[in-house]
1. Restricted to region 40-58, and to residues that are within 13 Å of L150 (Cβ to Cβ) and more than 12 Å from the chain's Cα centre (by Cα), which residue is surrounded by the most Cβ atoms within 10 Å (Cβ to Cβ)?
2. Would you check which residues across region 1-39 are open to solvent by 70 Å² or more (accessible area, probe 1.4 Å), closer than 18 Å to R147 by Cα and of a type in the set (D, E) and list them?
3. Could you check region 21-47 and list, in sequence order, the residues that are touching a residue at least 60 places away in the same chain (Cβ under 8 Å) and part of a loop (DSSP other than H, G, I, E, B)?
4. Of all residues in region 7-34, count the ones that are farther than 12 Å from D152 by Cα and at pLDDT 90 or above.
5. Go through the residues of region 100-118 one by one and say whether even a single one is at pLDDT below 95, of a type in the set (V, I, T) and open to solvent by 40 Å² or more (accessible area, probe 1.4 Å).
6. Among the strands (runs of 3 or more DSSP E) lying completely within region 67-130, list those that include at least 3 residues that are without any contact (Cβ under 8 Å) to a residue 40 or more places away in the chain and more than 30 Å from E34 (Cα to Cα).
7. For R66, only one of the following conditions fails: (1) more than 24 Å from H141 (Cα to Cα); (2) at pLDDT below 90; (3) open to solvent by less than 90 Å² (accessible area, probe 1.4 Å). What is its number?
Amino acid sequence: MQLDPAQEEVVRHGEGPLAVVAPPGSGKTHTLVERIRFLISERGVPAQRILALTFTTKAAREIGERIAERLGTETPLPYCATFHALALDMLRLHGEHIGVPRDFSVVATPEEKQSAAALTFDELLTHAARLLEEAPEAREHWQGRFRHILVDEYQDTNDAQDRIAALLAEP
């Protein structure tokens, strides 16, 4: 699929934030994949310095597969995940800074909670945002890990997801 001039401008965007607003089916995800390809193959950005966030595990897997198709299987892939998967990783690694034990479990609804060591999917996000806000060591770790943060379907983010993305992107 060819890029139109607006998509090409997005792919070649320099540093700093950029919002892509376009209707469904207009190629936003394709543009995101091409942006990642451009950063790695033409700008020399190490893949591990790129974070691609989306809303479903299937979409994260598809983005990773599309990047691999464009770059080849020998090239390392960026961290492609859902907000929830990122939050889970953040809390497993640094959650103790805000009182979340490493061995917490995840449940779908508050009604399923059997112990204080269980978090709902919503709590994963709110706790991850709080971790970045309240624990400088954790915030510095995650901010230092990623130089480029790309969010597919950003318009669908909730408050906690928006806070996570904004805190990770702070200089």
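The values are calculated or read from the model by the stated rules, or taken from the named source; none is laboratory data. Bear in mind that the values here come from a model prediction, so they are computed numbers and not experimental data. With ideal geometry, Cβ positions are generated from the backbone for all residues, glycine too; neighbour counts draw on all protein chains shown. The accessibility values were calculated without ligands, DNA or RNA, using every heavy atom of the protein model including side chains. Shrake-Rupley method; radii C 1.70, N 1.55, O 1.52, S 1.80 Å.
1. By that ranking, first place goes to I40.
2. Once the filter is applied, which keeps residues that are open to solvent by 70 Å² or more (accessible area, probe 1.4 Å), closer than 18 Å to R147 by Cα and of a type in the set (D, E), region 1-39 yields only E15.
3. V21, V45
4. So the answer is 8.
5. yes
6. Once the strands (runs of 3 or more DSSP E) in region 67-130 are filtered for at least 3 residues that are without any contact (Cβ under 8 Å) to a residue 40 or more places away in the chain and more than 30 Å from E34 (Cα to Cα), what remains is 105-107, 118-120.
7. Going through (1) more than 24 Å from H141 (Cα to Cα); (2) at pLDDT below 90; (3) open to solvent by less than 90 Å² (accessible area, probe 1.4 Å) one by one, R66 breaks only (2).
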